[in-house]
Each structure stands twice: as C-alpha cells, then as structure tokens.
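Q: Pasting a structure here, questions to come.
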Amino acid sequence: MKSWREPGFVLPLLIALVWGLWILGFHQDTMREKAFTLMMFVGLASSLNILLGYTGYVSFGHIVFFGLGGYTGFYFLSEQGWPLVTSALMGGLLSSIIAGLVGLAVLRLRGAYFALATIGINEAARAFVSNFTPFGGATGMSLNFSVYQKYGGAAKALWTTFTYLWITVLIILVISYLVKRSRFGLGLLAIREDEDAAMVLGVKAPHVKTMAYIISAFFPGVIGTLYFFKNGNIEPGDAFQLHMSIEMLVMVMLGGQGTVFGPMLGAVTYQGLRGYLVTSPLFKNLHLAVAGLILLLIILFVPTGAVGWLRQRFPKLRRLLE
Amino acid sequence: MQILPSLIDGLLIGFVYGVAAMGLTLIWGVMSVINLSHGPVMALGMFGTYLCFMKLGVNPYLALPVVAVLGLLVGLFIYVTAVHRVITAPHLSSLLSTFAVNMIIIGIGTAVFSTSPHNVDFSMGSLQIGPITMPGTRLMAAFAAVLFTAALYVFLYFTRPGKAIRAVANNRVAAELMGIPSAQVLALSFGLGTMLAAVSGGLIATFFPFTILSGGPYELKSFVICVLGGLGNPLGALVGGLLLGGLEGLIPTFLPVSWVPVVEFGLFILVLLFRPSGLFGAK
C-alpha cells in the first residue's frame, strides 16, 4: 500500500506508537492514568471526526455510543463473565447497530435539526437506561473484584486495559486516514461541501452517511467498555454526560476538523489546558470561564482549528499534516 | 382522583416553560442559531430575582421588569461579542460559540454564587377551588407568562421594530434591500430571546430552589418544546410548553416519575423525524 510511505499518515501514527511504547516502557502507574485519559479522548475525538469532520454533520450527543457501548460491554463482562476483548467488541458492535438503525432515520435531518436530534437521543438513552433493570437502573452496575483475577490481579488488568486502548487508538487513526483517502471518503467530503450537488454527481448520500455514522459509533463503544472496566462501575450519569460530548466537539474544532492529526492534537491540547487551569491557583475558581473564553476566541478567529490554520499558513506543511 | 390536580399543576408550570421556549424559538426563527447559552441565562434570571428579593427586599414580581431589562442587555452583549461573527458560518460555529458563552457564564456564576442551592423564600398562599389547590406563586407565574406572551405578540405584530424582526426572519436579504438594518434587528431579536429566558428563570425561582447549573434541564426542555411547537414558531412554543407541562403532570399518575424524561425525549425524536415542522406546523 502506498499510504504507508506518506508522511501525513505516518506522523500521527508514529506519535501514537511512540507515546504508547513510552508509557509501557516506563511502567509508572500515574503516567499510565494520565495517558489513559488523554488517549481515550484522542480516540473519541478521532472517531467523532469521521462523522463531523468528513461529512459536516454535527453529532452533539455522540457520547451516547460511549455510554451504550460501555453498558453493553460491561453487562457481558460482569453478568455473563465474557473476556474483555469480546465484551469490548460487543460494546462496539451494539453501538454500530444502534447507529445504523437510528442513522437511517436521523440522518435525513440536516444541520441544526440533526444536532438537536442527537441531543435528544442521548437524553432518551440516559433516561431509558436509568429505568432498565438488567442494566441496574439508576444505580448502575459494579464489577465483582474477582473478575480482575482472570487478568492476573487488578494492577495487571489496568495495564492490559491500557494496552488495548492504545491498540484501539492506533486502529482509529489508521481507519480515519484510510476513510479520508478512499472513494467512500471522497463521497463524504463531497457531502460536507454540498450534499445536493454530491447526490446529483452520483454519491449515494443516505447510504454513505449512515456508513460513516456506523464507523464513528463503533470505537466509542469499544472505548466505553475499556473505560468502565477500568473504573469497575458504571452509572447512567457517568455514561451519558452531554458535557463530555461537547468537549469532544471542542477538541475536534480546536485541532482542526476533517484532518487526521487535528483531533489528536486538539484532544491533547484541550486536556492539557484544562489540567493547567484546574490546578493553577490563579484560574482555579474561574477555570470554566477561562476555557470558555479561549474556545470562543478560537471559534471566532481560527475557525479551521490548529491544523487547518497551519495548512493554510504554511503550504509546505500540507504533506506532513493530513 | 389525582389526575385533575396534577394536570393543572403541570399546565401552570407549562406556561413558564412556554416562555423559555419562546425565547429559544424566536432566536432560531430569526437567525437559525440554536442558543446553547439559554440555560445559563435562565439561571441568571433566577439569581436576578433572588438578589432583588433577598438583598433589596423587592417583591419578585416587581423585580421581573428589572430582570427582563437586564436579560435584554445581556443578550445584546452576547450577540455582539459571540454570535455576530459566526452568523453566516456553518451551524457548528454558532453552536460552539454559544456553548462557549454558556461555559463562561457558568464559570463566573460558580465562582460568585457557588453551586449550593438557593431559594427565594416567598409565599402567596394558595387558591382552593373544590378538590384543586393552586399555589399562589404558580398562578402568578402563569399569569405573568401570559402577560409576557401577549406583550411579545403586540410587539412583533404592531410595532415597527417588531415588524422588522419578522421581515428579517422571513428573508434577511430582501429585508436588507428594503433598508432594514439587519445587524441591529438580529441583535434585538437575540436580546428579546434572552430576555424571555431571564424572565422565565425569574418566575421559576419563585417556586423551585435553584443553583447556577439549574438552567441546563430547562434548556433541554425548551428544545423539546420548540420542536413540538415547530422551531421558529413562538405561539407553537407556548402551546408546546403547555403540552409538556401537562405531560409532566399526567405521566406520574400512571408511571414512575423516572419515566417522564423517556417519554419526553422519545416524543421529541419522533416529532423531529416525522413532523420536523412541529405538531401544529404545515407539513
């Protein structure tokens, strides 16, 4: 495959590869915890980008797939005793199936109507799961500690989870590049520019959009399972946080929507910034307001995000930053 | 029978929901912006009433005009600083810029008021008609809501700036060609929208305890109501508000309370899918 030699493809993958190896090499628990959160958001933002960045459809409640996938995976882990890998795949699969079913209907809506519908789906899912007894209702489920024995004790299980997350993120980066470069991806980009014109030129818009939605729902499901396995319990309030959903959007925006490297850069920058604001004595009380102000300035003045801005400003970087 | 009292209780709150949703739908109808700072502005309205009542001893209903004017000014300020630049950009930009405003308001509000619950300790007795008891504050809130709706109607249909707003909502380019200064009109509509949010917040404060984060759930309810009544249709928003309030009153009489949001958001998605122009809108 030719793409293995393209710098725009190799750069993000290489960074993620070295990053994971670095953490695994040093083998420190605090470093791993920090990297876990960061990588989780890199994965979530990158998978949201497949829908948002490529097709321009704003999924405001994308976290619903993280929650539903997490719940499904967790159910198989704790109630059925399945191994982590198959449970995570089940979580992803269910998210994809739901995205496929919902997407066929919801993706007919355009622009703000679609955004509103996704908020509604997230809230409906949260309210439903809170009443759904097999998933533990409003109190959620927690993992029996003995489950961790299968993975050689809790400490080792956490490292295993991290490794799986790392592999998932690598796969997401590969897929988001392959999608962008494929005929399918070109169809998505055409929809983003002008859906009606794309349809006239032969892009099967409903089909292609739903496919993008399915792909971008799969990985949040997998990541959800891994995250809640690490946490040991799951509750509706944690699983369907609308706030987190909007943070994912912010990360994609910050790094540059529609690029492979952008969501990764955005996720790391946003988390780093938030970490700094929450702990700094000067901004501690106002961290939300300062983060909001920075977000506002970026949207008003750098709407293409960091990667988009760099590509516009320095055309030579275009090969490097895909 | 429990049904009638719960229904009336729900409907009275529904009027207030309707006012909040009207603000959201007005902004959407005029400039196609979903205002994600709606909830925090409602919370500001709650705190406005709280401060007037607790610190200055002003009757909450007399404080309402003050809250309304402040709401209008806040809206104008938000429009000029955050919304005007992205008004022609893709939807994501205006969604995120109003969300940034949301974060700023909540951030500052948390620092000033903390997130502990506040409460306007104000009672007006209650009205007893047969088996039905209606708390005075809720009756007054419904009355004020109707008053504000009527005022909005008169403003939009019988005054020059109101007619300009409707013209811009109808077709911005054509309105500009007729000499209507669209930037000012857009700013005014945004201000009116947030004014309605602040007023509804001020009314809610008289019967429920609240924090700076309380606007969130009401904002979500406003989305549901706007879609039920048809996005961009102020009268539909009021009817949608009554519908939602009525549902909230009725559902708990035959299902556990926790099912209320399932029904609400289920209905929301169904209406979006099958009647995107609202229950009462043209197909």
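Q: Out of B:Pro135, B:Pro90, B:Pro217, any idea which swings most in a Gaussian network model of chain B, alpha carbons joined below 10 Å?
A: Answer for the Gaussian network model of chain B: B:Pro90.
Q: On to the next question. Near A:Lys204, which lysines are there with a Cα under 24 Å away, not counting those fewer than 8 places off in the same chain?
A: A:Lys180
Q: Given a Förster distance of 56 Å, report the FRET efficiency between A:Lys316 and B:Ala183 from their Cβ-Cβ distance, rounded to the nearest 0.05.
A: Working: r = 39 Å, r/R0 = 0.70.
Efficiency at R0 = 56 Å is approximately 0.90.
Q: Next question, about the same structure. Fewest first, what order do B:Ile27, B:Ile8 take by the number of other Cβ atoms within 10 Å?
A: On the way: B:Ile27 29, B:Ile8 18.
Ascending number of Cβ neighbours within 10 Å: B:Ile8, B:Ile27.
Q: I would also like to ask the following. Using only atoms on other chains, find how many Cβ atoms lie within 10 Å of each Cβ of peptide A:289-302 and report the average. Don't jump to the answer; show the numbers that get you there.
A: Working: counts 10, 3, 4, 13, 5, 2, 7, 12, 2, 3, 13, 10, 1, 0.
Whole-number average of other-chain Cβ neighbours for A:289-302 is 6.
Q: Moving to a separate point now. Please report, in debye to the nearest 20, how large the charge dipole of the protein assembly as shown is about its Cα centre when each Lys and Arg carries +1 at its beta carbon and each Asp and Glu carries -1 there.
A: Working: 33 positive and 19 negative charges, 315 e Å.
That gives a dipole near 1520 debye.
Q: For n ≥ 4 DSSP H runs only, could you compute -39500 (n - 2.57) per run for chain B, divide by its residues and tell me the 222 nm figure to the nearest 500? Provide the component values of the computation, followed by the final result.
A: Details: 11 runs with 201 residues, N = 283.
Helices in chain B give a 222 nm mean residue ellipticity of -24000 deg cm²/dmol.
Q: Does the stretch A:207-302 come out rounded, prolate or oblate, given a ≥ b ≥ c as the square roots of the eigenvalues of its C-alpha gyration tensor, rounded meaning a/c under 1.5 and, failing that, prolate meaning a/b above b/c? Before the final figure, lay out the partial values.
A: Details: a/c = 2.31, a/b = 1.25, b/c = 1.84.
Verdict is oblate for the stretch A:207-302.
Q: Where does each of A:43-50, A:204-211, A:116-123 land if you order them by average Cβ count within 10 Å, highest first?
A: Details: A:43-50: 29.0, A:204-211: 17.6, A:116-123: 26.0.
Put in order of decreasing packing, that is A:43-50, A:116-123, A:204-211.
Q: Additional query: What does the structure give for A:106-118 when I average, per residue, the other chain Cβ atoms found within 10 Å of the residue Cβ?
A: Values: counts 3, 0, 3, 3, 2, 6, 9, 7, 2, 5, 12, 8, 1.
Mean partner-chain Cβ count within 10 Å for A:106-118: 5.
Q: How large is ³J(HN,Hα), in whole Hz, for each residue of the stretch B:219-232 in order, when computed from phi with the Karplus curve 6.51 cos²θ - 1.76 cosθ + 1.60 and θ = phi - 60°, using x for Gly and Pro?
A: So the Karplus estimates, Gly and Pro as x, are 5, 4, 4, 4, 4, 4, 5, 4, 6, 4, x, x, 4, x Hz.
Q: Averaging over every viewing direction, what projected area does the convex hull of the Cα atoms of the stretch B:16-93 cover, in nm²? Walk me through the numbers before you get to the answer.
A: Values: hull surface 22.0 nm².
For the stretch B:16-93, averaging the hull's shadow over all directions gives 5.5 nm².
Q: Hey, what number do you get for chain A at 222 nm if only DSSP H runs of n ≥ 4 count, each worth -39500 (n - 2.57), divided across all residues, to the nearest 500? Mind dumping the intermediate values first?
A: Details: 14 runs with 241 residues, N = 322.
It lands at -25000 deg cm²/dmol.
Q: Whose amide H sits under 5 Å from the amide H of A:Trp82, counting only residues 5 or more places off or on another chain, with H placed in the peptide plane?
A: Amide H neighbours of A:Trp82, under 5 Å, 5+ apart: A:Leu77.
Q: Follow-up. Starting from the Kirkwood radius over alpha-carbon pairs of the stretch B:1-60, derive D by Stokes-Einstein at 20 °C in a medium of 1.002 mPa s and give it in µm² s⁻¹. Don't skip to the end; give the middle numbers.
A: Details: Rh = 13.8 Å.
Once the numbers are plugged in, D ends up at 155 µm²/s.
Q: With +1 on each Lys and Arg Cβ and -1 on each Asp and Glu Cβ, and nothing else charged, work out how big the dipole of chain A is about its Cα centre, in Debye to the nearest 20. Provide the component values of the computation, followed by the final result.
A: On the way: 23 positive and 13 negative charges, 185 e Å.
So the dipole magnitude of chain A works out to roughly 880 debye.
Q: Would you mind computing, in nm to one decimal, how far apart the modelled labels at A:Met244 and B:Ser114 are, each placed 7 Å from Cα along Cα→Cβ?
A: About 2.9 nm, to one decimal.
Q: Residue-wise, which Karplus ³J(HN,Hα) couplings in Hz belong to the stretch A:116-124, taking 6.51 cos²θ - 1.76 cosθ + 1.60, θ = phi - 60°, and x for glycine or proline?
A: Those phi angles translate into 4, 4, 5, 4, x, 4, 4, 5, 5 Hz.
Q: If N is the number of residues in the stretch A:10-50, what value comes out of its Cα radius of gyration divided by 2.2 N^0.38 Å?
A: Numbers: Rg = 11.1 Å, N = 41, 2.2 N^0.38 = 9.0 Å.
Computed over Cα atoms of the stretch A:10-50, the ratio equals 1.23.
Q: So for the pair A:His27, A:Val147, with labels modelled 7 Å out along Cα→Cβ, what separation do we get in nm?
A: It is 2.7 nm.
Q: Calculate how large, on average over all directions, the projected area of the Cα convex hull of the protein assembly as shown is; give the answer in nm² to one decimal. Intermediate values should be presented prior to the final figure.
A: On the way: hull surface 119.8 nm².
Average projection, Cα convex hull of the protein assembly as shown: 30.0 nm².
Q: What residue among B:Val185, B:Met124, A:Leu188 has its Cα farthest toward the positive end of the dipole of the protein assembly as shown, where the charges are +1 on Lys, Arg and -1 on Asp, Glu, each on the Cβ?
A: A:Leu188
Q: Average partner chain C-beta neighbours within 10 Å, per residue of B:99-112?
A: Details: counts 9, 12, 4, 3, 13, 9, 3, 3, 11, 5, 2, 5, 6, 1.
Across B:99-112, the average partner-chain Cβ count within 10 Å equals 6.
Q: Next question, about the same structure. How large is Rg/Rh for the stretch B:3-274, to two decimals, with Cα atoms and a Kirkwood Rh?
A: Values: Rg = 18.2 Å, Rh = 18.8 Å.
We get a ratio of 0.97 for the stretch B:3-274.
Q: With springs only between Cα atoms under 10 Å apart, run a GNM on chain A and tell me which of A:Thr259, A:Thr304, A:Thr279 wobbles the most.
A: Maximum among the listed residues: A:Thr279.
Q: Which whole-number percent gives the relative contact order of chain B, counting Cα pairs below 8 Å spaced six or more residues apart?
A: Computed over chain B, the figure is 41 percent.
Q: Name the residue farthest towards the positive end of the dipole of the protein assembly as shown from the options B:Ala89, B:Ile225, A:Pro83, assuming +1 on Cβ of Lys and Arg, -1 on Cβ of Asp and Glu, about the Cα centre.
A: Of the candidates, B:Ala89 comes out farthest on the positive side.
Q: Hey, another quick one. Calculate one ³J(HN,Hα) per residue across the stretch A:54-68 by plugging θ = phi - 60° into the Karplus curve 6.51 cos²θ - 1.76 cosθ + 1.60, and present them in order as whole Hz with x for glycine and proline.
A: Karplus values, whole Hz, x for Gly and Pro: 8, 9, x, 7, 8, 8, 7, x, 5, 5, 4, 6, 4, x, 5.
Q: Non-local amide H neighbours of B:Thr211 (under 5 Å, H modeled in plane, Pro and chain starts lacking H): which ones?
A: B:His118
Q: How compact is the stretch B:140-283 by the rule of thumb for globular proteins, expressed as Cα Rg over 2.2 N^0.38 Å? Please list the in-between numbers first.
A: Working: Rg = 17.1 Å, N = 144, 2.2 N^0.38 = 14.5 Å.
So the stretch B:140-283 has a normalised radius of gyration of 1.18.
Q: In nm, give the distance between the simple-model label positions of B:Thr88 and B:Leu273, each being 7 Å from the Cα along the Cα-to-Cβ direction.
A: The modelled label-to-label distance comes out at 3.7 nm.
Q: Long-range amide H contacts for B:Phe122: which residues qualify at under 5 Å (H placed 1.01 Å from N, peptide plane, sequence gap of 5 or more or a different chain)?
A: So B:Phe122 has HN proximity to no qualifying residue.
Q: May I pose another question? Classify chain A: rounded, prolate or oblate, from the alpha-carbon gyration tensor (a ≥ b ≥ c, eigenvalue square roots; a/c under 1.5 rounded; otherwise prolate if a/b is larger than b/c)?
A: Values: a/c = 1.44, a/b = 1.22, b/c = 1.18.
Here chain A falls in the rounded category.
Q: For chain B, with a Gaussian network of springs between Cα atoms less than 10 Å apart, report the residue from B:Ser37, B:Ser97, B:Ser189 with the top mean-square fluctuation.
A: Among B:Ser37, B:Ser97, B:Ser189, the largest GNM mean-square fluctuation belongs to B:Ser97.
Quick note: the coordinates plus some simple rules give every number you see, no bench work behind them. Quick caveat, the model's predicted, so the values are computed rather than measured. When we count neighbours, we look across all protein chains shown, and the Cβ atoms used for this are built from the backbone with ideal geometry, even at glycine.
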